[in-house]
Amino acid sequence: MPEVWVVDLNVPNRAYSLAGSVPADHNAWSPDGRQIGYHDQTGTWYVTDVLNPDGTFRLNLDGAFTTPKIGPPAPFAHGANYCVWAPDGSVFVCTTGGAFAGISIGLMSLDGAATRFLTATDSTGSVDAGIPRAGFLDMQHIAFSSDRSGAPETYFISGFSARLGDRLRRPPPLR
């Protein structure tokens, strides 16, 4: 069962499972290093507040971490299997699809309430096989791979706004 664990290096014999008994995978640290996001086996994205500003663990009264469910809402048809924070921590870029072909890439707000489709990858492989796993290069460019040509190639998305309230210019088709 996939899990996400953290350990306090000051007390190395004590480890904490972020998801408890729920299978969790594909974790990503926030840019400030205080939160970890991950998805469960249904493609739901969660974010755990792991550290306080002073670097101590942010445990609740039960001695565990609080982990709210973030999303995704529609139109993410197959869940948010790989999400990573933007470099400025303002949004997530999520790769959807999991073990399904026909993966898409979109932006999701930090609270999971808003999403914006950016592009279909036209990939025939699954995210779990390593394609496409989108990630920000900077606040104006997102990179991902696709095997649409028969071999994995890298593609870039530009001409978008990371603010979900802004109008989005339609990305050019993949070539």
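The values are calculated or read from the model by the stated rules, or taken from the named source; none is laboratory data. For clarity, every value in this text was computed on a predicted model and none was experimentally measured. Ligands, DNA and RNA are excluded from the accessible area calculation, which covers all protein heavy atoms including side chains. Shrake-Rupley method; radii C 1.70, N 1.55, O 1.52, S 1.80 Å.
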#### Entry: Whichever residue in the stretch 61-91 is part of a loop (DSSP other than H, G, I, E, B) and modelled with pLDDT of 90 or more and, among such residues, is nearest to the chain's Cα centre (by Cα)
86
### Summary
Residue set 112, 102, 97; condition modelled with pLDDT under 80 and open to solvent by less than 30 Å² (accessible area, probe 1.4 Å); output residue 97
### Message
Please go through the stretch 12-54 and give me each residue that is open to solvent by less than 30 Å² (accessible area, probe 1.4 Å), modelled with pLDDT of 85 or more, among the small types (Gly, Ala, Ser) and not in a loop (DSSP other than H, G, I, E, B), ordered by number.
### Response
28, 37
### Task
Using the structure shown, decide if residue 9 is open to solvent by 80 Å² or more (accessible area, probe 1.4 Å) and among the hydrophobic types (A, V, I, L, M, F, W, C).
yes
